[in-house]
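Notes follow once the structure below has been shown.
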Amino acid sequence: MKTEVKKLDSGKRELTIEVSGDPVKQKFEEVFEKIARDAKVPGFRPGKAPRDILEKNFSQAAHEQVRKELIPEVYRQALAEEKLDVIELPEISDVRLDRATLAFKATVEVAPQIPLKNYKGLAVQYRKIEVTPEEVKRSLDSFKESHKIEAIDDAVARSIGYPSVAELERMLQMQIFIQKENAQRQKIENDLVEQVSKELSFRIPLAMIERQLDGLLRQAKVDLAMKGVAREQIEEHEKALRDQLKAQAEKEVKVYLILAEIAKKESIAADDHMPRHVIELLLKEADWHISE
């Protein structure tokens, strides 16, 4: 296989790839074997039609199938040989295929070089969580309002599933504690990501930003529709909404690329769980400070 790599700009590369000989011939043989097993040719039992008849009737189909199967195989091999880390599906062009040679061009977006700094031993401030009696009282008052109850005694508490007012208050205290705990955990994770990403400057691929922006916009439109905003009104403000979400999309892509770079260094699998696993690593390796 021959591969030439041309740099189009800081993020794009054009690969000119050619493979000839046995790999192409073997792929055609594999495809014709499949056709021979499955093809229905008048006058012949399945799998018994002569090769010349198969060639005459299914040459175009075989050509398309070889193209469909061989291009991805050869493309992946070229990436491995050239050690290119791509982040988008390729644009395939100028395909030439005959019985002995496959040649094509692939335009790809390569991953940016991220000047990753130290991401271990980052400072984490953890405050012990407390729930005050005043907070419990406010929660109890809110509970009374939502249930349209003037006063709560043990009888009322039992009617809504608690043996006593004390147990109801304990449940509310626990809910407040969990809410505070979740909020603090989220803040710690956000602070860690901010520490890792601040002052890191690198090229963020526009295609990734646009894809993330499309997703944010779809969700924003669904949220507005759920709130009762008319479709015409949503569509009227779509451009403004997209402009508002652009900075968020860029930030989210930047964070994702940084987490992916850490994952690569730490041999963390690049699957859907990757961001969570990297965050867990940052938490594990952080320098924790616990305050009252």
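The values are calculated or read from the model by the stated rules, or taken from the named source; none is laboratory data. Nothing here was measured: the structure is a model prediction, and the numbers come from that model. With ideal geometry, Cβ positions are generated from the backbone for all residues, glycine too; neighbour counts draw on all protein chains shown.
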Complete set of residues in the stretch 128-151 that are loosely packed, with under 12 Cβ neighbours inside 10 Å and in contact (Cβ under 8 Å) with a residue 12 or more places away in the chain: Lys128, His147
Before we move on, is Glu91 in contact with a strand residue (DSSP E or B) (Cβ under 8 Å, 6 or more places away or on another chain), closer than 29 Å to Leu259 by Cα and not β-branched (Val, Ile, Thr)? yes
Quickly run through the stretch 152-170 and pick out the residues that are assigned to a helix (DSSP H, G or I) and surrounded by 15 or more Cβ atoms within 10 Å (Cβ to Cβ). Val156, Ala157, Val165, Leu168, Glu169
Pairs only if they're at least six apart or on different chains, beta carbon under 9 angstrom, first in the stretch 230-252 and closer than 26 Å to Val196 by Cβ, second of a type in the set (D, E, K, R); list them, first residue then second. Ala249/Glu210; Ala249/Arg211; Ala249/Asp214
Keeping to the stretch 264-292, report how many residues are without any contact (Cβ under 8 Å) to a residue 60 or more places away in the chain and in a helix (DSSP H, G or I). 9
Selected residue (only one of Glu189, Glu181, Glu261, Glu199 is part of a helix (DSSP H, G or I) and at pLDDT below 95): Glu261
Hey, can you tell me all the residues within the stretch 163-200 that are free of Cβ contacts under 8 Å to residues at least 12 places away in the same chain and small (Gly, Ala, Ser)? Ser164, Ala166, Ala183
